[in-house]
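Comments concern the structure below.
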């Protein structure tokens with residue numbers, strides 16, 4: 001715990017929307033902490049170390065700024081890391097522990113990601129973005145949308161998020177199939193889904209949506225052979241993590257019109273590069289990793305962040321340390 005006679009230097013990183021100070025009561029830390037908010041993102045390690053060196057506490061938003069061992073070991077003042085959400089694979093928790101630096105976590109809710117998944121499914125199937133662009137440019141109808149009722153929704157990963165996405169699919173009148181390495185028929189049935197093989201999942205799905213945690217086992221799990229099994233009318237939705245899908249293989253499949261389209265909220269490298277093909281491909285609907293970006297969840301994130309810093313100052317127990325995945 002930092003001595004109360006000297007204020008903590010607290011950095012809030014990657015507040016892209018400049019809302020951190022508005023969505024939580026930081027006055028709880030008044031006179032005991034000096035809070036600095038950064039709205040931009042730094043990718044260069046040396047520049048990042050130079051920025052973070054003066055700070056005792058780093059408050060990080062999900063996985064926007066990685067904190068690997070090479071960064072943590074060069075921040076001698078660092079005494080606490082607070083991460084939004086229970087899981088943050090971008091923090092080397094072991095390296096922090098070796099330095100005696102606790103890594104606190106905030107609460108989380110899956111609803112925003114579930115809702116965005118369905119926003120992307122519907123917008124992709126009905127060409128919402130391109131129709132809106134046409135109307136704004138003075139045009140009118142330019143495409144024919146795809147129906148969902150009676151079609152097959154494939155869910156890759158039937159955990160907390162995937163199961164809810166599947167249940168909504170049932171409400172739309174879709175047939176639900178699912179697969180993941182550990183999925184059982186019993187668990188699939190509870191979500192209204194039928195357990196199928198990985199090959200059948202890609203072969204039969206009209207909409208294939210991904211809801212896996214990124215791990216050594218899931219990285220690159222969706223590759224060119226899987227995409228080759230998909231129908232030319234099928235669409236791929238990814239609100240999980242970019243590296244689960246072989247990005248080059250997906251770009252090739254989309255460029256060759258092997259599948260109808262993709263709706264993507266997550267990418268291999270974020271923020272997405274300005275010249276990335278996903279920014280210009282006409283069969284891609286891309287959003288800037290906004291699955292968890294909602295006002296209620298941000299209030300939870302930043303409110304719990306303030307509570308964690310206050311607990312640290314008070315010498316009270318900190319929220320659960322997020323696992324390294």
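Calculate how steeply helix 295-314 sits against the longest principal axis of the alpha-carbon atoms of the chain, using the helix alpha-carbon long axis, and give the answer as 0 to 90 degrees to the nearest 10.
Approximately 30 degrees, to the nearest ten.
What angle do you read, to the nearest 10 degrees and between 0 and 90, between the alpha-carbon axis of helix 111-125 and the longest principal axis of the chain?
Orientation of helix 111-125: about 30 degrees from the principal axis.
Peptides 30-41, 121-132: what's the order by average Cβ count within 10 Å, highest mean first?
121-132, 30-41
Would you calculate the separation in nanometres between label points at residue 47 and residue 187, each defined as 7 Å from the Cα along the Cα-to-beta-carbon direction?
Distance between the two pseudo-spin positions: 4.2 nm.
If you wrap a convex hull around the alpha carbons of the range 111-286, what volume per residue comes out, as a whole number of Å³?
Hull volume normalised by residue count: 116 Å³.
At 0.36 nm per residue, and after removing the present C-alpha to C-alpha distance, how many nm does the segment from residue 132 to residue 295 gain when stretched out fully?
Fully extending the segment from residue 132 to residue 295 adds 56.2 nm.
Could you check the simple spin-label distance between residue 248 and residue 111, using points 7 Å along Cα→Cβ, in nm with one decimal?
It is 4.2 nm.
In nanometres, what is the gap between the two model label sites at residue 17 and residue 144, each 7 Å from Cα along Cα-to-Cβ?
With each label point 7 Å from Cα toward Cβ, the separation is 3.8 nm.
Taking only C-alpha pairs under 8 Å that are 6+ residues apart, what is the relative contact order of the range 111-286 in percent?
Reported as a whole number, the value is 19 percent.
To the nearest 10 degrees, how steeply does helix 160-171 sit against the main Cα axis of the chain, on a 0 to 90 scale?
So the inclination is approximately 30 degrees.
In vacuo Debye scattering of the range 211-304, one point per C-alpha: log10 I(q)/I(0) at q = 0.12, 0.18, 0.19 Å⁻¹?
The computed values of log10 I(q)/I(0) come out as -0.41, -0.83, -0.91.
For the chain, what value does the Rg/Rh ratio take when both radii are computed over Cα atoms and Rh is the Kirkwood radius, given to two decimals?
1.01
Where a number appears in this text, it was derived from the coordinates with a stated rule and is not lab data. Computed from a predicted structure; not experimentally measured. Because the Cβ atoms are built from the backbone with ideal geometry, glycine has one as well, and the counts that use them run over all protein chains shown.
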